[in-house]
Amino acid sequence: MNQLYDVIIIGGGPAGLSAAYSAWENGAKKIIVIERDRELGGILQQCIHNGFGLHHFKEELTGPGYAYRCIEMIKDKPEIETLVDTMVLDVKDNKTVIAVSPEKGLMELQGKTVILTMGCRERTRGAIRTPGERPAGVFTAGAAQRMVNMEGYLPGHKIVILGSGDIGLVMARRMSLEGCKVQAVLEICPFSNGLTRNIVQCLHDYDIPLYLSHTIVKIHGDTRVTGITVAKVDYKMCPIPGTEFDIECDTVLLSVGLIPENELSNGLNLAMHPLTAGPIVDQHRETSLDGFFAAGNVVHVHDLVDFVSDEAEIAGKYAALKALGKMEGEMREVKVSAINGVRTCVPQKLSMSVANPADEKVKLFMRVAAPHRKVRLEIKSGDNVLLSKPLPVAKPSEMIAVEIPAAKFDLIGDEITVGLLL
Amino acid sequence: MEFVKSTDVVVIGGGIVGTAILRELSKYDLQCVLVEKEPDVSLGTTKANSAILHAGFDAPTGSLKAITNVRGNKLYHQLEKELDLDIKWTGSLVVATTEEEMATLQELMQRGHANGVEGLQILTAEEVLEQEPNLQNVKGALWAPTAGVCWPFGATVAFAQCAVQNGAEVMCDTKVLGFIKEDGRIAGVETNKGVIKTKYVVNAAGVYADEIAKLAGDDSFTITARKGEYILFDKTACNSLVYGVVFPCPTKKSKGILVCTTTHGNTFIGPNANELEDKEDHAVTMDGMNEIMTSARKLIPNLPMGQAITQFAGLRAVSSTGDFIIGPSDIEGFFNAAGMQSPGLTAAPAVGELVAAEIARLSGAAKKANFKAALPKTKAFLRMTRTEQAKAIEANNLYGRVICRCETITEGEIVEAINSPVGARTVDGVKRRTRAGMGRCQGGFCGPRVTQILARELNIPITEVLKERTDSNMFYEKYAADGGEE
């Protein structure tokens, strides 16, 4: 099997599906989505809670509901093929994709463009070096979520959750609803890394204590977890001697961060950003390698799937235009730098058409380094202010999205800075 | 107690030493049974160590450690082909950072020559940096070209499989409770599964070898557990760490905290060395991790800690005699292979030869004419060419389903690991045979899937699948709506 595709999309989660639809809408004639799981939809399929889709579909959906919408949009379109239970083993820089499945064996596909939408994975106990024994009963929150929501088993009965990211908070509620006792949620930072609505709806509503500035200093148990020792941490996040106390539990769920899944990107030697841990992209979501696009959590971890879809639609559109030869013409590169309290900003660069600069408005997605109240976001190029916007609240856990209007494009020099006025 | 079977030799302990002995015994006309208290082989010292096949210059000349180390190293070169073992002959460096340490290198080299180690050489700082450009403060190093790294779990399983294909038996979940003696000599072993009548017993019980010996009436030695902690890095970290085996200059207590590659291209730092009272303490400690990081930074100041993927601790069996304890005890029919701390992994095949030859001599057993030395060759999917991969899937389409995405391990390989002789029975057993779960996500993605495959292949409920040891269940039934179990 060696066929020429306009767009090959690696990953059939919300990013891949949205990119496929957008590529189709923009005229691509031959599109394929490759998914390693047994069905399309990605991690949404195990997120059976609600709260998805308010921005993108203007209504509140569950994870599987959101996935269903995305799948419906690409279904029955002769231009879009999908493969499930299929793993991409290798992508070459000439856009040859090697994939494997039990049904079709080893496949070689050729693309004019490739969109990387592999999503992200969870940080593990090993990455944060939690001391103690290594018994059964220590899971990443997402792995436990899949077992509970899709396979129908419990990871344990008495639960402690380390990390107050959204998956951890949602799992605290899920485990409570399943009849388990959630003993505590521990967070090493002095603030939660989850959405405020999740703190309220998943912890407060179930009387689950949240210990800020606390972490696990030892996991106990020879065969199965029997408990943990917890300590308060100082401002450097080091445990403070004398503050230790024990919590009895048979399960520890880890929600300690997500890491973009960039094994394939690294194999392609794409330019990567050290803080987002994803490929550096321009406003079209094209990476450093011509014809390779990337979108969603593989570029930077999002908190809302809605923004993933928005971003993937951009990637799908420009991948389609590229495949159709509509992205010609001289471009100049503008660097986008995150400064003054803004930790990351995507895209990290703009490719501005020299002939026609007022191409289309540019949307920037950013995260701040620390929580703030009543600050101003300022986007400048040299001395020219492109956008100045007051932010009542700015939190590291909530991605900020703003648009630079096309009318301001003639003010843009070689660099744009994105920062807070503190 | 119920009688289960009658045999010639019972080997106690399914680590690298016990299985190496079992394999050597299976060359003779002897009925042999290995008993292991855990659900799988390779769960004691064998599962958490540095995996180094030492050249043999460390141990005092003439000691059992020195003799079996040098012999064992040679045997691995032969076994590698026969048993299709994963070994990388990297050579090893002992790096000196001061003039004083340079003098120690000379001592080590002389001892190495006396021990019969070939090819030893003192390298200049420039020569060392050519091999390992990330090292700092290097004055010179002792280069031992015969050293390497192996895959200890794979070797243990291969030894056991080879023994089984030559008629030996491996009984897991079988704990020794006592011994039966007749006229002062060994006549049987009492286990939780019943009595095994036997003429000979070989004690390869690791950190518990002293307790087993005592049960038999031999209290000539004691074993202390010495804990060593490790930090393991992702495969991508080697470019900022090392490509081979790098020791600091040794101290009296240990060979020091090393920076070292593995057979599959990960890198680790460790171990430290702490004597324990508790033989079940496998906890990694904050102090221990700080100790090994501080020490490793003397050789590599910028450790890529962001690429650490796991930490673990292993226990070594340190004997009160200071050397390995190999051979017959005062109890007739009772043999020891005890105190097998470093270089025990390297020495294991040589220890096997010594013990098996002695038992064969005493029992008058002859060598089998039809001993099958070779195991069928297998190749990991990841290491196959594309054509081989396509063929493997054609023969069995489960090779087309990747279960462990970090290490590219297919369902076909996992099913084979479960259904082979001495097959995997636990999630970690699958991991040690196939590497599923050994990558950067540490089983976060594939752990539940491997659990489901084990349940299907072993025909047991998912709730009975174990992570590793008895009672280490992974998952439970949901509560019924009325609050009870479903």
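The values are calculated or read from the model by the stated rules, or taken from the named source; none is laboratory data. Worth saying up front: this structure is predicted, and the values here are computed from it rather than measured. All Cβ positions, even for glycine, are placed from backbone atoms using ideal geometry, and neighbour counts span all protein chains on display. These accessible areas exclude ligands, DNA and RNA; they are computed on the full protein's heavy atoms, side chains included. Shrake-Rupley method; radii C 1.70, N 1.55, O 1.52, S 1.80 Å.
Would you confirm whether or not region B:418-425 contains a residue that is among the hydroxyl-bearing types (Ser, Thr, Tyr), out of contact with any helix residue (DSSP H, G or I) (no Cβ under 6 Å at 6 or more places or on another chain) and within 13 Å of chain A (Cβ to nearest Cβ)? Full working, then the answer.
Within region B:418-425, the first condition is being among the hydroxyl-bearing types (Ser, Thr, Tyr), and the residues that meet it are B:420.
Remaining after also requiring out of contact with any helix residue (DSSP H, G or I) (no Cβ under 6 Å at 6 or more places or on another chain): B:420.
Keeping just the survivors that are within 13 Å of chain A (Cβ to nearest Cβ) gives none.
No, region B:418-425 contains no residue that is among the hydroxyl-bearing types (Ser, Thr, Tyr), out of contact with any helix residue (DSSP H, G or I) (no Cβ under 6 Å at 6 or more places or on another chain) and within 13 Å of chain A (Cβ to nearest Cβ).
State whether the residues of region B:455-462 include one that is closer than 21 Å to B:Gly154 by Cα, among the small types (Gly, Ala, Ser) and outside the structural domain of B:Pro39 (by TED's automatic domain parsing).
The answer is no, given that none of the residues of region B:455-462 is closer than 21 Å to B:Gly154 by Cα, among the small types (Gly, Ala, Ser) and outside the structural domain of B:Pro39 (by TED's automatic domain parsing).
Filter region A:52-104 down to residues that are among the hydroxyl-bearing types (Ser, Thr, Tyr), within 14 Å of chain B (Cβ to nearest Cβ) and outside any loop (DSSP other than H, G, I, E, B) and give me whichever is farthest from A:Glu263 (Cα to Cα).
Per the stated criteria, the residue is A:Ser101.
Does B:Glu229 satisfy the condition of being out of contact with any Leu (no Cβ under 9 Å at 6 or more places or on another chain) and without any contact (Cβ under 8 Å) to a residue 60 or more places away in the chain? Before you say what the answer is, go through the steps one by one.
Details: out of contact with any Leu (no Cβ under 9 Å at 6 or more places or on another chain): yes; without any contact (Cβ under 8 Å) to a residue 60 or more places away in the chain: no.
Answer is no for this residue.
Working only within region A:261-274, note down all residues that are more than 12 Å from every other protein chain (Cβ to nearest Cβ) and either surrounded by 22 or more Cβ atoms within 10 Å (Cβ to Cβ) or within 14 Å of the chain's Cα centre (by Cα) (or both).
Looking only at region A:261-274, we keep the residues that are more than 12 Å from every other protein chain (Cβ to nearest Cβ), and these are A:265, A:268-271, A:273.
Residue satisfying the conditions is A:Ser265 alone.
Which number in (1) without any contact (Cβ under 8 Å) to a residue 12 or more places away in the chain; (2) surrounded by 15 or more Cβ atoms within 10 Å (Cβ to Cβ) marks the one condition that B:Val351 misses?
Unmet for B:Val351, out of (1) without any contact (Cβ under 8 Å) to a residue 12 or more places away in the chain; (2) surrounded by 15 or more Cβ atoms within 10 Å (Cβ to Cβ): (1).
Just the residues that are among the polar types (S, T, N, Q) and more than 7 Å from every other protein chain (Cβ to nearest Cβ), please, taken from region B:428-451.
Looking only at region B:428-451, we keep the residues that are among the polar types (S, T, N, Q), and these are B:434, B:442, B:451.
Within region B:428-451, B:Thr434, B:Thr451 meet the criteria.
Any idea which residue in region B:287-304 is farthest from the other protein chains (Cβ to nearest Cβ), counting only those that are within 25 Å of B:Ala141 (Cβ to Cβ) and hydrophobic (A, V, I, L, M, F, W, C)?
Initial filter on region B:287-304 (within 25 Å of B:Ala141 (Cβ to Cβ)): B:291-304.
Of the ones still in play, those that are also hydrophobic (A, V, I, L, M, F, W, C) are B:292-293, B:296, B:299-300, B:303.
On the way: B:Ile292: 11, B:Met293: 10, B:Ala296: 14, B:Leu299: 20, B:Ile300: 18, B:Leu303: 12 Å.
Once the filter is applied, the top-ranked residue is B:Leu299.
Restricting attention to region A:105-118, does a residue exist that is out of contact with any Lys or Arg (no Cβ under 9 Å at 6 or more places or on another chain), in contact (Cβ under 8 Å) with a residue 12 or more places away in the chain and either within 8 Å of another protein chain (Cβ to nearest Cβ) or within 25 Å of A:Met175 (Cα to Cα) (or both)?
No, region A:105-118 contains no residue that is out of contact with any Lys or Arg (no Cβ under 9 Å at 6 or more places or on another chain), in contact (Cβ under 8 Å) with a residue 12 or more places away in the chain and either within 8 Å of another protein chain (Cβ to nearest Cβ) or within 25 Å of A:Met175 (Cα to Cα) (or both).
Keeping to region B:268-286, report how many residues are away from every other protein chain (no Cβ under 14 Å), open to solvent by 70 Å² or more (accessible area, probe 1.4 Å) and part of a loop (DSSP other than H, G, I, E, B).
Qualifying residue count, region B:268-286: 1.
Would you check if A:Ile161 is assigned to a strand (DSSP E or B) and either touching a helix residue (DSSP H, G or I) at 6+ places or on another chain (Cβ under 8 Å) or open to solvent by less than 40 Å² (accessible area, probe 1.4 Å) (or both)? Full working, then the answer.
Working: assigned to a strand (DSSP E or B): yes; either touching a helix residue (DSSP H, G or I) at 6+ places or on another chain (Cβ under 8 Å) or open to solvent by less than 40 Å² (accessible area, probe 1.4 Å) (or both): yes.
So A:Ile161 fits the description; yes.
Assess whether B:Gly306 counts as being open to solvent by 10 Å² or more (accessible area, probe 1.4 Å) and in a loop (DSSP other than H, G, I, E, B).
On the way: open to solvent by 10 Å² or more (accessible area, probe 1.4 Å): yes; in a loop (DSSP other than H, G, I, E, B): no.
Taking the combined requirement at face value, the residue does not satisfy it.
Do you know which of the residues in region B:305-322 that are within 14 Å of chain A (Cβ to nearest Cβ) and small (Gly, Ala, Ser) is nearest to B:Asn336 (Cα to Cα)? Steps first, please.
The first filter runs over region B:305-322 and keeps only residues within 14 Å of chain A (Cβ to nearest Cβ), leaving B:305-315.
Remaining after also requiring small (Gly, Ala, Ser): B:306, B:308, B:313-314.
Working: B:Gly306: 44, B:Ala308: 38, B:Ala313: 25, B:Gly314: 22 Å.
Applying the filter and picking the extreme gives B:Gly314.
Just the residues that are outside any helix (DSSP H, G or I), surrounded by 24 or more Cβ atoms within 10 Å (Cβ to Cβ) and touching a Pro at 6+ places or on another chain (Cβ under 9 Å), please, taken from region A:294-311.
A:Ala294, A:Val299, A:His300
Check A:Cys249 against each of (1) over 18 Å from A:Ala141 (Cβ atoms); (2) touching a residue at least 24 places away in the same chain (Cβ under 8 Å) and name the one condition it does not meet.
It fails just one condition, (1).
Of the residues A:Ala315, A:Ala319, A:Ala323, A:Ala338, which is closer than 28 Å to A:His49 by Cβ and open to solvent by less than 60 Å² (accessible area, probe 1.4 Å)? Steps first, please.
On the way: A:Ala319 fails: closer than 28 Å to A:His49 by Cβ; A:Ala323 fails: closer than 28 Å to A:His49 by Cβ; A:Ala338 fails: closer than 28 Å to A:His49 by Cβ.
Of A:Ala315, A:Ala319, A:Ala323, A:Ala338, the one residue that is closer than 28 Å to A:His49 by Cβ and open to solvent by less than 60 Å² (accessible area, probe 1.4 Å) is A:Ala315.
Give region A:176-206 a look and list any residue that's at pLDDT below 95 and charged (D, E, K, R), or say none.
A:Arg197
Go through region A:164-186 and count every residue that is open to solvent by 10 Å² or more (accessible area, probe 1.4 Å), closer than 30 Å to B:Thr285 by Cα and of a type in the set (S, T, N, Q).
Looking only at that region, the number is 1.
Those residues that are of a type outside the set (Gly, Ala, Ser) and out of contact with any Ser or Thr (no Cβ under 7 Å at 6 or more places or on another chain), I need them from region B:12-33; list them, please.
Restricting attention to region B:12-33, the residues satisfying the condition of being of a type outside the set (Gly, Ala, Ser) are B:12, B:16-17, B:19, B:21-25, B:27-33.
Within region B:12-33, B:Ile12, B:Val17, B:Ile21, B:Leu22, B:Arg23, B:Glu24, B:Leu25, B:Lys27, B:Tyr28, B:Asp29 meet the criteria.
Tally time: how many residues in region A:124-169 are among the hydroxyl-bearing types (Ser, Thr, Tyr), within 7 Å of chain B (Cβ to nearest Cβ) and more than 12 Å from A:Ser255 (Cβ to Cβ)?
Number of matching residues: 1.
Please indicate, with yes or no, whether at least one residue in region A:175-198 is charged (D, E, K, R) and within 14 Å of another protein chain (Cβ to nearest Cβ). Explain how you work it out, then say what you get.
Initially, region A:175-198 is screened for residues charged (D, E, K, R), giving A:178, A:181, A:187, A:197.
Those still in the list that are within 14 Å of another protein chain (Cβ to nearest Cβ) too: A:178, A:181.
Yes - at least one qualifying residue is present in region A:175-198.
Filter region A:50-63 down to the residues that are in contact (Cβ under 8 Å) with a residue 12 or more places away in the chain and in contact with a Gly (Cβ under 7 Å, 6 or more places away or on another chain) and list them by number.
Restricting attention to region A:50-63, the residues satisfying the condition of being in contact (Cβ under 8 Å) with a residue 12 or more places away in the chain are A:50-57, A:62-63.
Passing the criteria: only A:Phe52.
I'm checking my understanding of the structure. Among residues of region B:419-456 that are touching a residue at least 60 places away in the same chain (Cβ under 8 Å) and polar (S, T, N, Q), which one is surrounded by the fewest Cβ atoms within 10 Å (Cβ to Cβ)? Outline the logic, then answer.
Pass one, region B:419-456, residues touching a residue at least 60 places away in the same chain (Cβ under 8 Å): B:420-422, B:424-426, B:428-429, B:432-433, B:435, B:438-440, B:442.
Within this subset, residues satisfying the condition of being polar (S, T, N, Q) are B:420, B:426, B:442.
Numbers: B:Ser420: 16, B:Thr426: 27, B:Gln442: 23.
Residue satisfying both the conditions and the ranking: B:Ser420.
When you scan region A:368-392, how many residues do you find that are over 21 Å from A:His284 (Cβ atoms), open to solvent by less than 70 Å² (accessible area, probe 1.4 Å) and out of contact with any helix residue (DSSP H, G or I) (no Cβ under 8 Å at 6 or more places or on another chain)? Give the steps one after another, and end with the answer.
As a first pass, look at region A:368-392 and keep what is over 21 Å from A:His284 (Cβ atoms): A:368-378, A:380, A:382-385, A:388-392.
Filter again for open to solvent by less than 70 Å² (accessible area, probe 1.4 Å), leaving A:368-372, A:375, A:377-378, A:380, A:382, A:384-385, A:388, A:391.
So of that shortlist, the ones also out of contact with any helix residue (DSSP H, G or I) (no Cβ under 8 Å at 6 or more places or on another chain) come out as A:368-372, A:375, A:377-378, A:380, A:382, A:385, A:388, A:391.
Number of matching residues: 13.
Identify the residue in region A:215-237 that is open to solvent by 60 Å² or more (accessible area, probe 1.4 Å) and not polar (S, T, N, Q) and, among all such residues, is farthest from the other protein chains (Cβ to nearest Cβ).
First pass over region A:215-237, keeping only residues open to solvent by 60 Å² or more (accessible area, probe 1.4 Å): A:218, A:222, A:226, A:232, A:235-237.
Pick out the ones that are also not polar (S, T, N, Q) and you get A:218, A:222, A:232, A:235-237.
On the way: A:Lys218: 7, A:Asp222: 6, A:Lys232: 15, A:Tyr235: 18, A:Lys236: 14, A:Met237: 13 Å.
Here the residue is A:Tyr235.
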